[in-house]
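The next block holds one structure in the form of structure tokens; read it before the comments.
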Protein chains: 2
Amino acid sequence: MKVVETIEELQQLINKKSGKTVGLVPTMGFLHEGHLSLVKHAKEQNDIVVMSIFVNPAQFGPGEDFESYPRDLEKDVRLAEEAGVNIVFIPSVKEMYPFEGGIRILPGPQANELCGASRPGHFDGVLKVVLKLFNIVNPDRSYFGMKDAQQLAIIETFVRDFNLRTKIVRVPIVREDDGLAKSSRNVNLTPDERAQAPIIHQALLKGAELHSIGLKPEQIEDEVASYITDGSTGEIDYVKLLSYPSLQPITSETDEVILAVAVKFSKTRLIDNIIM
Amino acid sequence: MKVVETIEELQQLINKKSGKTVGLVPTMGFLHEGHLSLVKHAKEQNDIVVMSIFVNPAQFGPGEDFESYPRDLEKDVRLAEEAGVNIVFIPSVKEMYPFEGGIRILPGPQANELCGASRPGHFDGVLKVVLKLFNIVNPDRSYFGMKDAQQLAIIETFVRDFNLRTKIVRVPIVREDDGLAKSSRNVNLTPDERAQAPIIHQALLKGAELHSIGLKPEQIEDEVASYITDGSTGEIDYVKLLSYPSLQPITSETDEVILAVAVKFSKTRLIDNIIM
């Protein structure tokens, strides 16, 4: 496995003329089994797997956890190597953003729901870094976890509407044995909160059941919210049942739906979802 | 020469695996010698030259001349073939914009000056179509005329800041014998206006001279504006001396400068510039 810090080194290593296929796994590091599942899928479908590790300042708002976002590069490099990544790209902020011409990519109505509602500008920063990574790596396929379902939906729309030259592969959420979705932010839970956190997934399963028996979206959202607040110290940021990937209110023509939640604990905010 | 209307046909024809270099000449059609100069440069530097002809609705504002923008596809195809274009891509609006997820690309401060000041949203539409064309064609080099100097500056910034995988080649303005910059819109001038229009270039040359002897930007702008209004029925939209390509006020550190004008005649608005 090669570890590179500059775009130039990375592009020399990839050398697309070889005819080999390239899979990209973009991450912000502090790797867990969710990321390693992305790598596993990428390895099955491509000759070369490139993982980027970059805590992207552009997608953190003022007062958000950019500074305290967990980092452990040494462990990340070891885990990436064990998982079979071929090239790890760890650019500095200066390498990624040496210039600032002020051009921004603004998401559409998909960004007004769920996390977008409380994180203005977040998805601008996501689109900025993914467009740059897609152009730098030129991957045949790019792997995104379904835990960040809104991010995935917006990126799929970006690829579709702007003819980006990579295929987006959706990878299912990886969970702890007790159902908690794996997340780099889980380490910021107190032991008490960690013990309570599996209630989020239980509430989602209950919501899915209520959806299958035909309850209305508002009723389902209320039930899921009550279930979480009754059984934990977490505060509800949102519980929403929407169409997927358009993230609009459900109509008779809706095919896929997402039940998504965000819950705030003392030092961290967790998200989870089920797509049905 | 092949003429294609769909992205799929185009991509089958290009077949980048062949190792051939591709030059893209994006146009809105109604070709004149300015466009053919782009083709000439592209032919010298690439194995395959792709010209797109697409009057892009996204870059016209309400009340602008989208409907009356001159079109003559039959002549365009003939001129493109004579110039040695290999593939002409003439997509429908539906082929280019089959979906609308609402994602927008917003230019930065460069768009607040010159044409951007009176054409809100114009450069959003330009960035949208060029990102799509770059992704569809995947050109090694893309050719833009220096007549649309603000467009060129913003596209250069987009390519630089987002690592787009094409090199932008600047191609000098082509002029009529009397100095009028070639433009598809020149056909919308009345005979009287056509006779007056060369004053724009004369005024720019005068401005360049005043710049070379050290006059201040405001003085030069005033002189150029008076020269045009005194000698024609055109109304000044702007006369501006700015840094290039940043399009900011000139400072002691400015390297290249642009003197740019836009003049409105009865049915059309002409732009021209000199970069020094």
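Miscellaneous remarks
- Unmet criterion (only one of (1) touching a residue at least 40 places away in the same chain (Cβ under 8 Å); (2) aliphatic (A, V, I, L, M); (3) not in a loop (DSSP other than H, G, I, E, B)) for B:V159: (1)
- Residues (surrounded by fewer than 19 Cβ atoms within 10 Å (Cβ to Cβ), facing another protein chain (nearest Cβ under 9 Å) and at negative phi) located in region A:102-123: A:R104, A:L106, A:G108, A:P109
- Scan of region B:16-51 for residues that are of a type in the set (A, V, I, L, M) and part of a loop (DSSP other than H, G, I, E, B), ordered by number: B:M28, B:L31
- Checking each residue in region B:137-165 for being more than 16 Å from B:Q110 (Cα to Cα), surrounded by 22 or more Cβ atoms within 10 Å (Cβ to Cβ) and either touching a Phe, Trp or Tyr at 6+ places or on another chain (Cβ under 9 Å) or β-branched (V, I, T) (or both) picks out B:V137, B:S142.
- Just one of the numbered conditions (1) part of a helix (DSSP H, G or I); (2) under 22 Å from B:D230 (Cβ atoms) is not true of B:D178: (1).
- Put simply, of B:D76, B:D140, B:D124, B:D47 the only residue that is in contact (Cβ under 8 Å) with a residue 60 or more places away in the chain, outside the structural domain of B:V263 (by TED's automatic domain parsing) and over 30 Å from A:L247 (Cα atoms) is B:D140.
- Segments classed as helices (runs of 4 or more DSSP H), wholly inside region A:91-146, with at least 1 members that are modelled with pLDDT under 95: A:114-118
- Scanning region A:244-276 for residues that are farther than 24 Å from A:Q202 by Cβ, without any contact (Cβ under 8 Å) to a residue 40 or more places away in the chain and of a type outside the set (D, E) returns A:P249, A:T251, A:S252, A:T254.
Each row is one residue, and each column tells you yes or no for (1) touching a Gly at 6+ places or on another chain (Cβ under 6 Å); (2) farther than 27 Å from B:H41 by Cβ.
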residue	(1), (2)
B:P198	yes, no
B:H201	yes, no
B:G214	no, yes
B:E221	no, yes
B:V224	yes, yes
B:Y227	no, yes
B:Y244	no, no
B:T251	no, yes
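- Unique residue being farther than 30 Å from B:Q150 by Cα and without any contact (Cβ under 8 Å) to a residue 40 or more places away in the chain when the list is A:Q151, A:Q110: A:Q151
- Applying the condition of being assigned to a helix (DSSP H, G or I) and surrounded by fewer than 18 Cβ atoms within 10 Å (Cβ to Cβ) to region A:52-77 and asking which residue is nearest to the chain's Cα centre (by Cα) yields A:P57.
- Condition check for B:A80: within 14 Å of chain A (Cβ to nearest Cβ), of a type in the set (G, A, S), in a helix (DSSP H, G or I) and over 13 Å from the mean Cα position of the chain (by Cα): no
- Test for B:K132: is it crowded, with 21+ Cβ neighbours inside 10 Å, more than 17 Å from B:Q150 (Cβ to Cβ), outside the structural domain of B:L242 (by TED's automatic domain parsing) and of a type in the set (D, E, K, R): yes
- Note on region B:200-224: residues that are under 13 Å from B:V261 (Cα atoms) and surrounded by 19 or more Cβ atoms within 10 Å (Cβ to Cβ) total 8.
- Those residues of region B:183-199 which are surrounded by 15 or more Cβ atoms within 10 Å (Cβ to Cβ), in a loop (DSSP other than H, G, I, E, B) and among the polar types (S, T, N, Q), in sequence order: B:S183
- Residue count for region B:1-29 satisfying the condition of being crowded, with 17+ Cβ neighbours inside 10 Å and at pLDDT below 95: 1.
- Candidate set: region A:225-257, residues that are aliphatic (A, V, I, L, M) and outside any strand (DSSP E or B); chosen: the one nearest to A:G214 (Cα to Cα): A:I250
- Set A:K147, A:K182, A:K94, A:K75: member being more than 9 Å from chain B (Cβ to nearest Cβ) and more than 29 Å from A:E44 (Cβ to Cβ): A:K94
The values are calculated or read from the model by the stated rules, or taken from the named source; none is laboratory data. Computed from a predicted structure; not experimentally measured. Cβ coordinates were reconstructed from backbone atoms using ideal geometry, including for glycine residues, and neighbour counts include every protein chain displayed.
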